[in-house]
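J.: Just dropping this structure here.
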Amino acid sequence: MTVAESLAQTVRALGGLWDTQRAVTALHDTGHGQGDQRQQEKRARKAMRDLAQTGLLVKTQDRPVQYRTTEK
């Protein structure tokens with residue numbers, strides 16, 4: 001399962017607002033917590049951008065980055 005697929009599964013289950021730290025925690029819990037904090041944050045932001053392209057997340061804020069789910 002890819003990083004984005006893992007995050008998508010968690011986003012669908014939990015919904016709500018997503019920032020980098022929440023995504024890092026979710027990815028860590030699904031076995032994608034390798035690397036230092038910076039690498040984990042980059043991986044999480046990339047996964048959130050990927051999910052925004054699929055329409056699962058919508059960006060609501062740029063700095064700090066924040067997304068909300070589109071599915072209920």
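The values are calculated or read from the model by the stated rules, or taken from the named source; none is laboratory data. Remember, predicted model here, so these are calculated numbers, not experimental data. Counting neighbours? That spans all protein chains shown, and the Cβs are built from the backbone with ideal geometry, glycine included. Ligands, DNA and RNA are stripped out before the accessible areas are found, and what is left, the full protein with its side chains, is counted by its heavy atoms. Shrake-Rupley method; radii C 1.70, N 1.55, O 1.52, S 1.80 Å.
J.: So which residues in the stretch 38-64 are assigned to a loop (DSSP other than H, G, I, E, B) and at pLDDT 95 or above, if there are any at all?
T.: G55, L56 - these are the residues of the stretch 38-64 that are assigned to a loop (DSSP other than H, G, I, E, B) and at pLDDT 95 or above.
J.: So, of the residues in the stretch 2-16 that are surrounded by 13 or more Cβ atoms within 10 Å (Cβ to Cβ) and hydrophobic (A, V, I, L, M, F, W, C), which turns out to be farthest from A52 (Cα to Cα)?
T.: Looking at the filtered set, the residue picked out is V3.
J.: Just a yes or no: is a residue in the stretch 58-71 open to solvent by less than 20 Å² (accessible area, probe 1.4 Å) and aliphatic (A, V, I, L, M)?
T.: no
J.: Does G55 meet the test of being small (G, A, S), within 17 Å of T70 (Cβ to Cβ) and surrounded by fewer than 17 Cβ atoms within 10 Å (Cβ to Cβ)?
T.: In short, yes.
J.: Somewhere in the stretch 4-11, is a residue in a helix (DSSP H, G or I), touching a His at 6+ places or on another chain (Cβ under 7 Å) and on the phi < 0 side of the Ramachandran plot? Give the steps one after another, and end with the answer.
T.: Let us first name the residues in the stretch 4-11 that are in a helix (DSSP H, G or I), namely 4-11.
This time we only want the ones that are touching a His at 6+ places or on another chain (Cβ under 7 Å), so: 6.
When the remaining residues are screened for being on the phi < 0 side of the Ramachandran plot, the result is 6.
Among the residues of the stretch 4-11, at least one is in a helix (DSSP H, G or I), touching a His at 6+ places or on another chain (Cβ under 7 Å) and on the phi < 0 side of the Ramachandran plot, which makes the answer yes.
J.: Related question: What number of residues within the stretch 29-49 are under 17 Å from Q61 (Cα atoms) and open to solvent by less than 40 Å² (accessible area, probe 1.4 Å)?
T.: Qualifying residue count for the region: 3.
J.: Which condition number in (1) open to solvent by less than 30 Å² (accessible area, probe 1.4 Å); (2) out of contact with any Pro (no Cβ under 9 Å at 6 or more places or on another chain); (3) hydroxyl-bearing (S, T, Y) is the one that T20 fails?
T.: (2)
J.: Here is a check on your reading of the model: is A26 within 8 Å of the chain's Cα centre (by Cα), under 20 Å from D62 (Cα atoms) and aliphatic (A, V, I, L, M)? Let's see the steps before the verdict.
T.: Details: within 8 Å of the chain's Cα centre (by Cα): yes; under 20 Å from D62 (Cα atoms): no; aliphatic (A, V, I, L, M): yes.
No: the conditions fail for A26.
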